[in-house]
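Asks: Quick one: this structure, given as structure tokens, is what I'll be asking you about.
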Amino acid sequence: MYQITRELHFCYGHRLLDYQGKCSHLHGHNGVVVLTLEASGLDAQGMVADFQVLRTRLGQWLDAALDHRMILRRDDPAVPVLQALGEPVQVVDFNPTAENLAKLVFDKAHALGLPVCEVRLIETPSCWATYRP
Ligand SMILES: [Zn+2]
């Protein structure tokens, strides 16, 4: 089995609802997506996938959907306020924890046809979450 891994960096804001602590307030992270693909064989170029293709395909979605956006749960009262101010908001149906964001990225990579086996979402240098089916 072959695996390749690529990091994609992005900045985002969020806050957690139904939570007591600092992360219940609006704040931001310099996040890193660590995307791992897996294949039992290699393509004609001797690759699992082209690292550049990962950048263009998943990276473009990451830039458009999450980078420099406030990621908030749909029922967060900050959503209409920030939208009225013209701030970039990404509304999601779950609490925007590192775990849920890792699964969101995994699902998108899978939908793009990438043979993804694991996504790690690094929220801070000492905290990350990993999703694999
Ligand atoms: Zn946070």
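The values are calculated or read from the model by the stated rules, or taken from the named source; none is laboratory data. Model, not experiment: these values are computed from the prediction. Positions of Cβ are backbone-derived with ideal geometry, glycine not excepted, and every protein chain shown enters the neighbour counts. All accessible areas refer to the heavy atoms of the entire protein, side chains included, with ligands and DNA or RNA removed. Shrake-Rupley method; radii C 1.70, N 1.55, O 1.52, S 1.80 Å.
Asks: Is it true that ALA102 is within 16 Å of the ligand (Cβ to nearest atom), in contact with a helix residue (DSSP H, G or I) (Cβ under 7 Å, 6 or more places away or on another chain) and either under 14 Å from THR36 (Cα atoms) or open to solvent by 70 Å² or more (accessible area, probe 1.4 Å) (or both)?
Replies: Judged against the criteria, ALA102 is not a match.
Asks: Can you name the condition, by its number, that MET70 falls short on among (1) surrounded by fewer than 17 Cβ atoms within 10 Å (Cβ to Cβ); (2) touching a Leu at 6+ places or on another chain (Cβ under 9 Å); (3) of a type in the set (A, V, I, L, M)?
Replies: (1)
Asks: Just the residues that are open to solvent by 60 Å² or more (accessible area, probe 1.4 Å) and within 10 Å of the ligand (Cβ to nearest atom), please, taken from the stretch 20-33.
Replies: Residues satisfying the conditions are LYS22, HIS25, LEU26.
Asks: Something else about it: Just one of THR56, THR36 is open to solvent by 50 Å² or more (accessible area, probe 1.4 Å), under 24 Å from CYS117 (Cα atoms), away from the ligand (no atom under 16 Å from the Cβ) and under 19 Å from the mean Cα position of the chain (by Cα); which is it? Before the answer, list the steps.
Replies: On the way: THR36 fails: open to solvent by 50 Å² or more (accessible area, probe 1.4 Å).
Every option except THR56 fails the conditions.
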